[in-house]
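For reference, the structure is listed below as structure tokens.
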Amino acid sequence: MTDGGAAAAPPRRALRRTAGLLAGVLALGFLAYVLVDGWSAVRARDWDPDWGLLAACAAVLGLFYLASGAGYLGVLESLTEHRPPRRRMLAIWALSLLGRYVPGSVVMVAGRMELARDRGVPRRVTLTAIVYEQALGVGTAAAAAAAWVLVYGDVGPSWLSWLVVALPLGLVLLHPRVMGPASAWALARARREPLARLIPPGRVLLLAGWYLGTAALLAVGIWLFVRGLGGPGTGSVPFVGGAFLFAFAVSMLAVVVPSGLGIRDGAFALALSQHVPGGVAVALSVGSRLALTVVEVAVVGATLLAARRT
């Protein structure tokens, strides 16, 4: 029976990956249809990019990625006895981000664990740091998204909005009384020793405040892009930035879709369509993903170069 269960695991993983890719392709197909259908509105719009705002967007998004990396270093150093080299670990963190585009983020997690192990950080510590990082990042972004839902109303099915509102409650799981037994159980199943230390509640609150700041940077950066490309009629900073964080939180619920491909873009476009035509909203939404990807690749290159010089 054990062999049969083990043999069945890889096909199930392959099925989940295939389902994730199909969901992403379906969402992208829908976005493409809306964009083509509204192409006349896109062409008719008087596009007048504000290059100053777009340059500011690139700077703020770059700062967002660096602040996110610094947050991960804060988490990691809270779990280790000896501080690993910061530039090297930041480069490993940045490089592993590219693995998010593989369904399930397995490549991101496994790659970061192996690269960090070469720098003296045990796999179980890196895995726990990733759990803290994801919970803090998604939880704080979802908290801002929940505030956006309360102020501006929901987008899409009401049950989906309530799921996003409930996401910040996951931060409770980071309390040592919850995280300790849960991590010990998971590591025991993986035949690993329990963690030597956990992050105390006060430190978790400080890290949550830091990640809330990174969410604010992301919101402002996306607004700068939308405002710089779409003009003043696209919405205010709270509306556009909050809508993007809402879309980000929604995409995190679809864990099998690589980097929320199509899901985040659709939810963001749906929110933007309250102020601009649907085709224009899709163009701005897809463009924001492209802007994030370009800045992300630039940050990865810069951190690798900085690490190589040490």
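If a residue must be touching a helix residue (DSSP H, G or I) at 6+ places or on another chain (Cβ under 7 Å) and either among the small types (Gly, Ala, Ser) or modelled with pLDDT of 85 or more (or both), how many such residues does region 283-297 contain?
10
Across region 189-214, what is the total count of residues that are surrounded by 13 or more Cβ atoms within 10 Å (Cβ to Cβ) and closer than 14 Å to Arg123 by Cα?
3
Look at Leu53 and say whether it is closer than 21 Å to Trp223 by Cβ, modelled with pLDDT of 90 or more and not β-branched (Val, Ile, Thr). Please lay out each step first, then the result.
On the way: closer than 21 Å to Trp223 by Cβ: yes; modelled with pLDDT of 90 or more: yes; not β-branched (Val, Ile, Thr): yes.
Here the answer is yes, as Leu53 does meet what is asked.
The values are calculated or read from the model by the stated rules, or taken from the named source; none is laboratory data. Bear in mind that the values here come from a model prediction, so they are computed numbers and not experimental data. Quick reminder, even Gly has a Cβ in these numbers, built from the backbone with ideal geometry, and neighbours come from all protein chains shown.
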